[in-house]
Structures are given as structure tokens and as C-alpha cells.
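Structure, as C-alpha cells:
Only the coordinates and a few stated rules stand behind these numbers; no lab work does. Worth saying up front: this structure is predicted, and the values here are computed from it rather than measured. Every residue, glycine among them, receives a Cβ derived from its backbone with ideal geometry; neighbour counts consider all protein chains shown.
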Amino acid sequence: MAIERTLSIIKPDATSRNLTGKINAKFEDAGLRIIAQKRIHLTKAQAGVFYAVHKERPFYDELTSFMSSEPVVVQVLEGEDAITRNREVMGATNPAEAAEGTIRREFALSLGENSVHGSDAPETAAVEIAYFFSGLELVG
Ligand code: ADP
Ligand code: MG
């Protein structure tokens, strides 16, 4: 297994309920290191670029409105197999299907307002990290 980096976002439903610390504890307990982190308030256009892959999906407007409704915390997680490990800690997209102990099972409100984003592959992780952070901001 290789040391990887992945892009994580703590979504508006979680930042607004003051869950940033509890969610970060889940990452750290799973051996993921938070090597960069900042709280930002995305515009709808910025959220739209980030989620451009979903542009044709029926939920795109709802998703980009939600992601720009309140601040988010964007972060880079580093660790062994970090992309897959983070997806395990997050749980399934739909919280009703997420395993016990996962972030989405414990904290998500719905399929749309599901508390966290995590990159799904090395190529997308690299693009997503570069969207929010410069190399100087990644302190491993
Ligand atoms: P994941 O975040 O698990 O990688 P996707 O990439 O499929 O999931 O979808 C991106 C995000 O879009 C989801 O996390 C969720 O917030 C939202 N989403 C996905 N499917 C739906 C849906 N059917 N209705 C509303 N929102 C959705
Ligand atoms: Mg996805």
C-alpha cells in the first residue's frame, strides 16, 4: 500500500451543526493525517466547477446550492491507502446504507446533505487538491 493524499470536504450540514471536530476525530482515529485545512464559503459557481462531473445529473442544482449555502472545511488527508480508507470512514453516499460507525451513518441528514466529500481515485484527488490548495499549503 502506498502513502496517498485525498481531498476531503466537511459539508455545510456538518459545519453548521458544529461537527468539524467530531468528524476530524474520525479521520485521525483511522490513521489519516490532516496535512492541510481551511474553512471557506464557496460561491455557487465555485461549487459548480468542483462538481462539474455531475453537471448533467438531476441533483446538480440542489447540490451546488447546498454546497454554497454555508461555510465548508476543505482539507487534505494523508495516509496509507488514504483514498480508499477515507471512503470507508465516510460510509456510503446514502446514509441509510452507510455502515455502523461511519461519518455518514452517524451524522448525515439525507442523501444530499451527507456531511462529507472524499475523492474517489488518485486522478480526481490530484485535481481536487489543486483546486483548493497550493503545494506550499500541504504540510505533511
Ligand atoms: P459521493 O459523495 O459518495 O462520492 P457522488 O459522487 O455520487 O457521491 O455524488 C456527489 C454528491 O451529490 C453526494 O455526496 C450527495 O451530496 C449528492 N447526491 C448524490 N446523489 C444524489 C441524489 N440522488 N439526490 C440528491 N443529492 C445527491
Ligand atoms: Mg463522488
Would you mind giving the average projected area, over all directions, of the Cα convex hull of the stretch 84-140 in nm² with one decimal? 4.6 nm²
Kirkwood hydrodynamic radius (Cα pairs, Å) of the chain? 14.9 Å
Among GLN37, ALA125, HIS54 - extreme Cα towards positive end, dipole of the chain, charges at beta-carbon: GLN37
Once VAL49 and ALA121 are pulled to full extension, the length gained, defined as 0.36 nm per residue separation minus their Cα-Cα distance, is 24.1 nm
At 20 °C in a medium of viscosity 1.002 mPa s, the stretch 17-84 has a Stokes-Einstein diffusion coefficient, with Rh taken as the Kirkwood radius over alpha carbon pairs, in µm² per second, of 158 µm²/s
Could you let me know the centre-to-centre spacing of the stretch 1-23 and the stretch 65-132, using Cα atoms, in angstrom? 6 Å
Checking rank on 4-10, 109-115, with mean other Cβ inside 10 Å and highest first, the result is 4-10, 109-115
For LYS26, give me every one of the lysines with a C-alpha distance below 20 angstrom, ignoring sequence neighbours fewer than eight places off in its own chain. LYS11, LYS38
